[in-house]
Amino acid sequence: MRVISGSARRHNLKTIEGQDTRPTTDRIKETLFNIMPMDLRGIDFLDLFSGSGAIGIEALSRGANSSVFVDSNPKCTQIIKENLVHTKLIDKANIYNLKIEDAINKLVSEGQKFDIIFLDPPYNKGLINFSLKKITECDILKTECYIVIESSQGETWDNNEKFKINKIKDFKTTKITILELNNK
């Protein structure tokens, strides 16, 4: 696994061994950033269920102003820190070893808001619904915020009136869904 583009291009990234994480492949990552609905330069990025941090690191490498990484697994947050140090992007990042609900509450208390929120929870566990509900209850969205969801092909979640689908990209076993605020 590596950084595809930007200031940290070609840097290899570590990931934890075993089945605890499911790293996004380089092919899916490249497609994801090619279909991203906004320029990443100067944006604030939130990477929930971060794993190795590859998506948030890619966003920083491509010019994001900041990225917050959230994962409840301490092994993952240690790997994220090592990857950020290796890519020299640590100064633009905050890492939280917290459950999603606790992390979002902390972000609210700190007054942080995001342009793009990336969700890549363990597949088929209902965590997308839970995360979207928590995000909509809290004030962490900028006016033109997008939520990017990586899920299994068959996974569904409740229709949330606050968002509308901007784009869907299907892969063999994975799909990327980009939601935008429904400002009507």
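Just so you know, all these numbers are worked out from the coordinates, no wet-lab data involved. Bear in mind that the values here come from a model prediction, so they are computed numbers and not experimental data. Heads up, the Cβs are rebuilt from the backbone with ideal geometry, glycines too, and the neighbour counts pull from every protein chain shown.
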Taking a quarter of the surface of the convex hull around the Cα atoms of the range 1-76, what do you get in nm²? 4.8 nm²
In terms of modelled amide H atoms, which long-range or inter-chain residues lie less than 5 Å from the amide H of H11? V3
Mean residue ellipticity at 222 nm from the helices of the chain, using -39,500 (n - 2.57) per DSSP H segment of n ≥ 4 over the full residue count, to the nearest 500 deg cm²/dmol? -8500 deg cm²/dmol
Entries of K142/K162; K125/K164; K81/K106; K134/K172; K29/K88 with Cα pairs more than 25 Å apart: K134/K172
Which order, highest average first, do 46-58, 111-123 follow once you tally other Cβ atoms within 10 Å for each residue and take the mean per peptide? 46-58, 111-123
